[in-house]
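S.K.: Here's a structure for you.
The values are calculated or read from the model by the stated rules, or taken from the named source; none is laboratory data. Because the structure is a prediction, the values reported are computed rather than measured. As a convention, Cβ positions derive from the backbone with ideal geometry for all residues, glycine included, and neighbour counts pool all protein chains shown. Areas reflect the complete protein model, heavy atoms only, side chains present, ligands, DNA and RNA absent. Shrake-Rupley method; radii C 1.70, N 1.55, O 1.52, S 1.80 Å.
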Amino acid sequence: MRRVAVTGIGVVSPLGNSASELLASASAGHSGVSLLQGALARQLAAPLAATARFDGAEHFDAPKLRMLDRFAQFALVSARQALADAGHDLARIDRTRAGVLVGTGMGGSLSNDEGYHTLYAERSQRIRPYSVLLGMYNAAAAWIGIEHQLRGPNLTYSTACSSSAVAVGEGWLRVARGELDLAIVGGAEAPLSLGSLKAWEALHTLASVDAGDPSASCKPFSRDRSGMVLGEGAAMLLLEPWDHAQARGAPIRGEVLGYGLTTDAAHITRPSVDGQAAAMQAALRSAGLDAHAIDAINAHGTGTQANDATETAAIKAVFGVRAPRIPISATKAMHGHLLGAAGALECALSLLAMQHAVALPTLHLRLPDPDCDLDYVPNTTRHGVTARTMLSNSFAFGGTNAVLVLGAAPGSPTGHANQ
C-alpha cells in the first residue's frame with residue numbers, strides 16, 4: 001500500500017468558499033445557520049438552513065449554467081479550487097490513471113423539485129430539456145471528469161449522510177493500491193428545496209428554532225438539542241501518492257491513513273452503537289493503529305437526541321478510559337448538516353485543524369447531558385492542540401458507517417511522523 005497525501009482542498013460552504021475562509025470562520029466560532037426568508041420560510045415549521053453565499057453566474061457562462069444543478073456547480077468550483085491549491089496543472093499525468101469519486105445524498109434535488117412543481121402545481125408540460133442531466137446523481141462527478149479530461153474511474157456514491165466519506169475512503173484505497181495516481185474525491189449537496197425540506201420536516205429530525213438566537217438552533221451533545229439543520233455546499237480533496245507529491249514539491253495538507261466501512265443492518269434510521277464502534281475499529285485496523293494513537297475526533301454530531309447519545313457510547317466502546325481525554329469536535333453546529341457532502345467537508349476541517357494546531361468548537365453546548373459526557377470542546381476553539389491523527393466519523397440513514405483516519409501535514413505544529 002502506498003502512502004497517500006492530500007495536496008489540495010476546495011470548498012463551497014456556509015462558512016466560506018475556500019479552505020482559508022472555512023477554517024477562519026470555524027475557528028472564530030461563526031455560525032452559518034440562519035432563518036430562511038420569503039415564501040419558502042412561510043411553508044416550514046422551522047425555517048432554518050445553513051446556506052452558501054454562491055452565485056453560479058460568477059463561475060459559469062449562461063449555456064453551461066443551464067445544464068448544471070446547484071450541487072454540480074458547487075462540485076465543479078470546489079474541484080477547481082482543490083487543483084489550484086495543490087498546484088497541479090495535470091499536464092504530465094496519465095489521465096487514464098486519474099479518477100473522480102464523489103458522494104451525494106440527494107443529487108439534483110433543486111432541479112427535480114422545480115420540474116415537479118412545473119408539472120404538478122403549474123400543470124404545464126414545459127419541462128426543462130436538460131431535466132434528466134440536471135437531476136442525475138452522477139452529474140457532479142461527470143462534469144468534473146469532463147472539465148479536466150480525467151479518464152479513469154468516475155464514480156458516485158449515495159449512502160445518505162456518509163456518502164462523501166465513502167468517496168474519500170474509496171478514492172484513498174485506489175491510490176494506495178496503485179490503481180490511480182490522482183483522485184479528486186469529495187461530496188456535493190444542494191438540498192434546500194421546498195420538497196426536500198418538507199420531507200425532512202416530516203421525519204421530525206430537524207431542529208426547532210432557538211427563540212433567543214436562530215443561529216444557535218443546532219446544539220450537538222447538549223441536553224436541549226432538538227435536531228439538525230440542513231446545509232448546502234461541497235468539499236473536494238486532491239489525493240496523490242506521497243512520493244509523487246514530494247517529487248513535484250506539492251504543498252501537503254495532510255494524509256489519509258485508513259478507512260473503515262460497516263453496516264448496521266438493524267434499522268433504517270436508528271443508529272447503532274455496535275455499528276459505529278465497528279466502523280471506528282475497522283478504520284484503525286486499516287491504518288495499522290491502535291486506539292491510543294488517536295489524538296482527536298471530528299464527530300458526526302448531528303444534534304439529534306438519538307445520534308449524539310449513540311455516538312458517545314460508541315466512542316466510549318472503542319476508546320475506553322481514554323475517551324474522556326480525547327477532544328471531540330461537532331462542527332455541524334456551525335455549518336449545518338450537508339448530508340452527502342458532510343463527510344468531505346468535515347474531513348477538510350479535520351485536516352486544517354491539525355495543520356493549524358486547533359481543536360474546533362462544538363457550539364451552543366450549554367446544558368450538559370449525562371448521556372453525552374465526553375470532551376466536546378464546548379463553545380470555544382482550543383489553540384495549541386497537538387493532534388497527529390484524527391478520526392472523522394460519518395454515520396448514515398440506511399446504516400452505512402464510514403470513518404476516516406487522518407494524519408497531520410509534516411512541518412505543521414503537529415506534524416505526523418512517517419509510517
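S.K.: Please indicate, with yes or no, whether at least one residue in region 5-21 is over 30 Å from TRP200 (Cα atoms) and in contact with a Phe, Trp or Tyr (Cβ under 6 Å, 6 or more places away or on another chain). Lay out the reasoning, then the answer.
M.R.: Residues of region 5-21 over 30 Å from TRP200 (Cα atoms): 5-8, 20.
Remaining after also requiring in contact with a Phe, Trp or Tyr (Cβ under 6 Å, 6 or more places away or on another chain): 5.
Looking through region 5-21, at least one residue is over 30 Å from TRP200 (Cα atoms) and in contact with a Phe, Trp or Tyr (Cβ under 6 Å, 6 or more places away or on another chain).
S.K.: Hey, another quick one. Which members of region 37-68 meet the condition of being closer than 19 Å to LEU194 by Cβ, in contact (Cβ under 8 Å) with a residue 24 or more places away in the chain and either over 22 Å from the mean Cα position of the chain (by Cα) or part of a helix (DSSP H, G or I) (or both)?
M.R.: Within region 37-68, LEU40, GLN43, LEU44, ALA45, ALA46, PRO47 qualify.
S.K.: Can you name the residue in region 141-167 that is among the β-branched types (Val, Ile, Thr) and within 19 Å of THR96 (Cα to Cα) and is also nearest to the chain's Cα centre (by Cα) among such residues? If you could, list the steps in order and put the result at the bottom.
M.R.: First, pick out the residues of region 141-167 that are among the β-branched types (Val, Ile, Thr): 144, 146, 156, 159, 166.
With within 19 Å of THR96 (Cα to Cα) added as a condition, the list becomes 144, 146, 156.
Working: ILE144: 18, ILE146: 23, THR156: 15 Å.
The qualifying residue nearest to the chain's Cα centre (by Cα) is THR156.
S.K.: Further question: Out of contact with any Gly (no Cβ under 7 Å at 6 or more places or on another chain) and open to solvent by 20 Å² or more (accessible area, probe 1.4 Å): which single residue out of ASP264, ASP213 fits that description? Step through it out loud before you land on a result.
M.R.: Numbers: ASP264 fails: out of contact with any Gly (no Cβ under 7 Å at 6 or more places or on another chain).
From the options ASP264, ASP213, the qualifying one is ASP213.
One line per residue, one yes/no per condition, for (1) surrounded by fewer than 22 Cβ atoms within 10 Å (Cβ to Cβ); (2) in contact (Cβ under 8 Å) with a residue 60 or more places away in the chain:
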| site | (1), (2) |
| --- | --- |
| ALA314 | no, no |
| GLY320 | yes, no |
| LYS332 | no, yes |
| HIS337 | no, yes |
| ALA344 | no, yes |
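S.K.: Next question, about the same structure. Out of region 87-104, which residues are open to solvent by 20 Å² or more (accessible area, probe 1.4 Å), under 18 Å from ASN154 (Cα atoms) and of a type outside the set (Asp, Glu)? Please lay out each step first, then the result.
M.R.: First, the residues of region 87-104 that are open to solvent by 20 Å² or more (accessible area, probe 1.4 Å): 87-89, 91-97.
Of the ones still in play, those that are also under 18 Å from ASN154 (Cα atoms) are 93-97.
Answer for region 87-104, where residues must be open to solvent by 20 Å² or more (accessible area, probe 1.4 Å), under 18 Å from ASN154 (Cα atoms) and of a type outside the set (Asp, Glu): ILE93, ARG95, THR96, ARG97.
S.K.: When the residues of region 118-135 are narrowed to those that are without any contact (Cβ under 8 Å) to a residue 40 or more places away in the chain and out of contact with any helix residue (DSSP H, G or I) (no Cβ under 8 Å at 6 or more places or on another chain), which ends up nearest to PHE397 (Cα to Cα)?
M.R.: VAL132
S.K.: To continue, here is another question. Can you name the number of the only condition in (1) more than 19 Å from the chain's Cα centre (by Cα); (2) in contact (Cβ under 8 Å) with a residue 12 or more places away in the chain that ASP290 fails?
M.R.: For ASP290, the failing item is (2).
S.K.: Would it be correct to say that ALA5 is more than 14 Å from the chain's Cα centre (by Cα) and either over 25 Å from LEU76 (Cβ atoms) or in a strand (DSSP E or B) (or both)? Show your work before the answer.
M.R.: Values: more than 14 Å from the chain's Cα centre (by Cα): yes; either over 25 Å from LEU76 (Cβ atoms) or in a strand (DSSP E or B) (or both): yes.
For ALA5, the condition - more than 14 Å from the chain's Cα centre (by Cα) and either over 25 Å from LEU76 (Cβ atoms) or in a strand (DSSP E or B) (or both) - is met.
S.K.: Residues to consider are GLY343, GLY398, GLY411; find the one that is in a loop (DSSP other than H, G, I, E, B) and touching a helix residue (DSSP H, G or I) at 6+ places or on another chain (Cβ under 6 Å). It would help to see each step written out before you state the result.
M.R.: Working: GLY343 fails: in a loop (DSSP other than H, G, I, E, B); GLY411 fails: touching a helix residue (DSSP H, G or I) at 6+ places or on another chain (Cβ under 6 Å).
Just one listed residue meets the conditions, GLY398.
S.K.: What's the number of the condition ALA24 fails, among (1) surrounded by fewer than 23 Cβ atoms within 10 Å (Cβ to Cβ); (2) of a type in the set (A, V, I, L, M); (3) over 22 Å from LEU76 (Cβ atoms); (4) touching a helix residue (DSSP H, G or I) at 6+ places or on another chain (Cβ under 8 Å)?
M.R.: Condition not satisfied by ALA24: (4).
S.K.: Return the pair list, or none, for Cβ contacts closer than 8 Å from residues in region 299-310 that are farther than 11 Å from PHE221 by Cβ to residues that are basic (Lys, Arg) and not in a helix (DSSP H, G or I), at least 6 apart or on different chains.
M.R.: Note: pairs meeting the criteria are ALA306/ARG270.
S.K.: Here is a follow-up. Collect the residues in region 284-309 that are β-branched (Val, Ile, Thr) and either part of a loop (DSSP other than H, G, I, E, B) or surrounded by fewer than 22 Cβ atoms within 10 Å (Cβ to Cβ) (or both), keeping them in residue-number order.
M.R.: As a first pass, look at region 284-309 and keep what is β-branched (Val, Ile, Thr): 294, 297, 302, 304.
Answer for region 284-309, where residues must be β-branched (Val, Ile, Thr) and either part of a loop (DSSP other than H, G, I, E, B) or surrounded by fewer than 22 Cβ atoms within 10 Å (Cβ to Cβ) (or both): ILE294, THR302, THR304.
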